[in-house]
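Report on the following structure.
The values are calculated or read from the model by the stated rules, or taken from the named source; none is laboratory data. Everything numeric here is computed off the predicted structure, so don't read it as measured data. No Cβ is skipped: glycine too gets one built from the backbone with ideal geometry, and neighbour counts run over all protein chains shown. For accessibility, only protein heavy atoms count, side chains too; no ligands or nucleic acids. Shrake-Rupley method; radii C 1.70, N 1.55, O 1.52, S 1.80 Å.
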Amino acid sequence: MADNIARVFADAIASDPTRPLLTWYDDATGERTELSGATLANWVAKTANLLVDEAGCAPGDPAGVLLPPHWQTAAVLLGCWSAKLTVADAPAPVEVLFTAVDRVDEAGRWPAGERYALALDPFALPMRQVPAGCVDFVSAVRGHGDHFTPYPEPGEGDAALLARAEARAAELGIGPGDRLLVDVTRHPDLVDWLLTPLAAGASVVACAHPDSTRLGSRAETEKTTHTLP
């Protein structure tokens, strides 16, 4: 059984870094963003370098992630796991906190060192107005290096998360090369939309606020093999 999320991510993109790995839709805004393994890896490396070089995080430090399913959320989470941080699942003191702009008030209940806000703009544009006490994640992360060597040892929660992901992949019958369509509005758990396809060596089409009349055609155009509706 796998026990290191950073290694699972690296293995998932090793055979063909150029193939689509995460395709993101939001039918409420009309957004569609497609990331290859190489592109997502670049965002992950920049995030991990930001955590180590700018936020001063060390292996084992706790991180708060108050973000909905989104392709930028995938970069943040995988960056945290690459830097061997522990992602907290309840308000607690954390070394670094990532928050969506509409959850800044909630984020105030988390004692944190560095705070990064994300507008989750479809084109990852910088924010025009940054919430007080926060740094704009997009502006900050772009200046960091494109390569990061993950720590060799797994993070504290890696094994448990990957065990859930492997069980979910087996339940859904997903294997290498498959493509999973996920309604993330109904299935916001990061295991469902992020870790399960990675653990299986598959790719994912993640849809927020999906238009039910489009799901059938989307499955066809995106060549998905499995659906988590």
Report task. Looking for whichever is crowded, with 18+ Cβ neighbours inside 10 Å, within 14 Å of the chain's Cα centre (by Cα) and assigned to a helix (DSSP H, G or I) here; the options are Leu195, Leu162. Which one fits? Result -> Leu195
Report summary line: Flagged in the range 18-39 as open to solvent by 30 Å² or more (accessible area, probe 1.4 Å), part of a strand (DSSP E or B) and of a type in the set (D, E, K, R), in numbering order, are Arg32, Glu34
Query - Residue count, the range 48-86 (criterion: more than 19 Å from Pro152 (Cβ to Cβ) and under 15 Å from the mean Cα position of the chain (by Cα)) - result: 15
Report summary line: Contact list, first residue from the range 59-74 and open to solvent by 40 Å² or more (accessible area, probe 1.4 Å), second anywhere and of a type in the set (Ser, Thr, Tyr) and outside any strand (DSSP E or B), beta-carbon distance below 7 Å, six or more apart or interchain, is Pro59/Tyr151
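Among the residues that make up the range 141-154, is at least one of them open to solvent by less than 70 Å² (accessible area, probe 1.4 Å), under 11 Å from Thr196 (Cα atoms) and aliphatic (A, V, I, L, M)? Steps first, please.
First pass over the range 141-154, keeping only residues open to solvent by less than 70 Å² (accessible area, probe 1.4 Å): 141, 144-145, 148, 150, 154.
Then drop every residue that is not under 11 Å from Thr196 (Cα atoms), which leaves none.
There is no residue in the range 141-154 that is open to solvent by less than 70 Å² (accessible area, probe 1.4 Å), under 11 Å from Thr196 (Cα atoms) and aliphatic (A, V, I, L, M).
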Report summary line: Within the range 127-140, residues open to solvent by 30 Å² or more (accessible area, probe 1.4 Å) and outside any loop (DSSP other than H, G, I, E, B) come out as Val135, Ser139
Query raised in the report: What pairs come up if the first residue lies in the range 81-92 and is surrounded by 17 or more Cβ atoms within 10 Å (Cβ to Cβ), the second is among the hydroxyl-bearing types (Ser, Thr, Tyr) and modelled with pLDDT of 90 or more, and their beta carbons are under 9 Å apart, counting only those six or more places apart or on different chains?
Result: Ser82/Thr47; Ser82/Thr149; Ala83/Thr47
Requested in this report: Output the residues belonging to the range 28-71 that are in contact with a Phe, Trp or Tyr (Cβ under 9 Å, 6 or more places away or on another chain) and among the charged types (D, E, K, R).
Outcome: Glu31, Arg32, Glu34, Lys46
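Working only within the range 94-126, note down all residues that are part of a loop (DSSP other than H, G, I, E, B), of a type in the set (A, V, I, L, M) and crowded, with 17+ Cβ neighbours inside 10 Å. Talk me through it step by step, then tell me what you get.
Within the range 94-126, the subset part of a loop (DSSP other than H, G, I, E, B) is 108-111, 119-126.
Among the residues that remain, those that are also of a type in the set (A, V, I, L, M) are: 119-120, 124-125.
Within the range 94-126, Ala119, Leu120, Ala124 meet the criteria.
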Requested in this report: Kindly indicate the residue of the range 198-223 that is surrounded by 21 or more Cβ atoms within 10 Å (Cβ to Cβ) and not hydrophobic (A, V, I, L, M, F, W, C) and also modelled with the highest pLDDT among those meeting that condition.
Outcome: Ser203
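With touching a residue at least 12 places away in the same chain (Cβ under 8 Å) and touching a Lys or Arg at 6+ places or on another chain (Cβ under 9 Å) as the only criterion, which of Ala165, Ala202, Ala208 stands out? Talk me through it step by step, then tell me what you get.
Numbers: Ala165 fails: touching a Lys or Arg at 6+ places or on another chain (Cβ under 9 Å); Ala208 fails: touching a Lys or Arg at 6+ places or on another chain (Cβ under 9 Å).
Being touching a residue at least 12 places away in the same chain (Cβ under 8 Å) and touching a Lys or Arg at 6+ places or on another chain (Cβ under 9 Å) holds for just one of Ala165, Ala202, Ala208, which is Ala202.
This table checks each residue for (1) among the aliphatic types (A, V, I, L, M); (2) under 20 Å from Tyr25 (Cα atoms).
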{"residue": "Pro59", "(1), (2)": "no, no"}
{"residue": "Leu120", "(1), (2)": "yes, yes"}
{"residue": "Phe123", "(1), (2)": "no, yes"}
{"residue": "Asp136", "(1), (2)": "no, no"}
{"residue": "Pro150", "(1), (2)": "no, no"}
